[in-house]
Amino acid sequence: MRLIWLAVLVAVVGLPDRERDRAALLAADRAHARATDFLSAFASNATYLHPGAPLVRGKDAIRNVLAAAPETGPVTWTPEFADVSDDGTVGYTYGWTHLADQRGKYLACWRRRAEGPWRISAYARTKLGPTAAGSTATGTVAFAPRPPVRGQADSHELLAADSAFASMSVARGARAAFLAFAADDAVTLSPGAAPMNHGREAIGATFTDFPADAVLEWAPVAADIAGSGDLGCTVGEALVRARGSYSKYLTVWKRQADGAWKFVADGGNARPAR
């Protein structure tokens, strides 16, 4: 692991501070993708969202979930995007997962303390799905990260924003809530090999066939925020009560120019009822 971290440092020398931090995080994720131990980059208290499993915390609990997973081989992944907080302590990455002819997506929230390595604090994978024959396109749209907007480093702000997001979903419907709380450059991760949903228009379109009588409810259970108060993430549990559908989610939030929080990335997967 020391050699991997040294390679990450060498790769990003000479860049401006924030670009250097973004490059270092992307390099850390790529190094993690090459590592033989999936948990090598996870923080000891990381939260993990595995398709079909309960939301779990801590490396021992994550190992137990992975040991019970039905995959027939190791899942690999390809990072595609990274962004970091203005103080370089919190960041996120997303990209594609692969297993044989199947593909999915992942979203990871990372934290770095002092001058140490980046560690994953929360990680969500979508369910894998078959890749169409001859398909190589990822459907990724490149967005230039917006300039950071600093503010108070209070994780309760993120919990309040996520709770307000959830309340709007109940009161006005999931589509209205997602359109209201998505940043212009936000991305959501659908299951399987379908392209990622980039931008508010694409995100809104995912709710076209959402049943009119189905109410998407959720509640955050934890939040993490950068010391610069411009970037953070929440994790929580969701359900559609009328359909008996239960899920969990990881959402990345970015403070906007007016000081409000909007989400820039969102992904999740199914969970047991309890």
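Considering Cα pairs under 8 angstrom that are at least six residues apart, work out the relative contact order of region 208-274 and quote it in whole percent. Could the numbers behind the result be given before it?
Values: 124 pairs, mean separation 16.4, N = 67.
After rounding, I find 25 percent.
Along the positive direction of the dipole of region 50-118 (beta-carbon charges: Lys, Arg +1; Asp, Glu -1; about the Cα centre), which of GLY58, CYS109, TYR94 reaches farthest?
GLY58
Starting from a Cα-only point model with no solvent, please compute log10 I(q)/I(0) by Debye for the chain at q = 0.17 1/Å.
-1.53
Grab the DSSP H runs of the chain that are 4 residues or longer, score each as -39,500 (n - 2.57), total them, divide by all residues and round the 222 nm result to the nearest 500 deg cm²/dmol.
Numbers: 6 runs with 71 residues, N = 274.
One gets -8000 deg cm²/dmol as the mean residue ellipticity at 222 nm.
Taking Cα centroids, how far is region 91-125 from region 226-274 in Å?
15
Please check: in the Gaussian network model of the chain (C-alpha springs, under 10 Å), which one of LEU49, LEU66, LEU158 has the largest mean-square fluctuation.
Checking each option, the largest mean-square fluctuation is seen for LEU66.
Determine the relative contact order of the chain: mean sequence separation of Cα pairs under 8 Å and six or more apart, normalised by residue count, in whole percent. Working shown, then result.
Values: 589 pairs, mean separation 49.8, N = 274.
Relative contact order comes out at 18 percent.
Would you kindly state how much longer the chain becomes between THR78 and ASP37 on full extension, computed as 0.36 nm times their sequence separation minus their alpha carbon distance, in nm to one decimal?
Working: separation 41, 0.36 × 41 = 14.76 nm, distance 1.58 nm.
Gain in length upon complete extension: 13.2 nm.
Using a 1.4 Å probe over the heavy atoms of the protein chains, calculate the carbon and sulfur portion of the accessible area of the chain as a whole percent.
Details: 6960 of 12620 Å².
Carbon and sulfur together cover 55 percent of it.
Please identify the helices of the chain, taking whole runs of DSSP H, that span at least 18 Å along their own axis as judged from the Cα atoms and have a mean Kyte-Doolittle score of 1.0 or higher.
Working: long enough: 17-34 (26 Å, -1.18); 155-172 (26 Å, 0.42).
Passing helices, by number: none.
Run the numbers for ARG172 and LYS127: contour at 0.36 nm per residue of separation, minus the present Cα-Cα distance, in nm.
Working: separation 45, 0.36 × 45 = 16.20 nm, distance 2.80 nm.
Stretched fully, the ARG172-LYS127 segment lengthens by 13.4 nm.
Just grab the label-to-label distance for ALA270 and SER245, each label 7 Å out from Cα along the Cβ direction, in nm (one decimal).
In this crude spin-label approximation the distance works out to 1.1 nm.
I need the phi-derived Karplus couplings for region 110-126: 6.51 cos²θ - 1.76 cosθ + 1.60, θ = phi - 60°, integer Hz, Gly and Pro marked x.
With the stated coefficients, region 110-126 comes to 10, 9, 10, 10, 6, 9, x, x, 5, 10, 6, 9, 7, 8, 10, 10, 7 Hz.
Under a 1.4 Å probe, what is the accessible area of the chain per residue, stated in Å²?
In whole numbers, the chain has 46 Å² accessible per residue.
Report the gain in length on full extension from ALA205 to ALA222: 0.36 nm times residue separation, minus Cα-Cα distance, nm rounded to one decimal.
Values: separation 17, 0.36 × 17 = 6.12 nm, distance 2.85 nm.
Gain on extension, ALA205 to ALA222, equals 3.3 nm.
State, to one decimal in nm, how far the label point of ASP184 lies from the label point of ARG150, with both points 7 Å from Cα in the Cβ direction.
So the label points at ASP184 and ARG150 sit 2.4 nm apart.
Can you give me the long-range amide H partners of VAL221? Hydrogens built in the peptide plane at 1.01 Å from N, cutoff under 5 Å, separation of 5 or more residues or another chain.
So VAL221 has HN proximity to VAL235, GLY236, GLU237.
Say the cut-off is 23 Å between C-alpha atoms; which of LYS105/LYS248; LYS59/LYS248; LYS105/LYS254; LYS59/LYS262 go over it? Walk me through the intermediate numbers first.
Details: LYS105/LYS248 15 Å; LYS59/LYS248 18 Å; LYS105/LYS254 21 Å; LYS59/LYS262 30 Å.
Checking Cα-Cα distances, LYS59/LYS262 exceed 23 Å.
The values are calculated or read from the model by the stated rules, or taken from the named source; none is laboratory data. Not measured: the values here are computed from a predicted model. Cβ: placed from backbone, ideal geometry, glycine included. Neighbour counts: every protein chain shown. Side chains included, ligands, DNA and RNA excluded: accessible areas come from the protein's heavy atoms. Shrake-Rupley method; radii C 1.70, N 1.55, O 1.52, S 1.80 Å.
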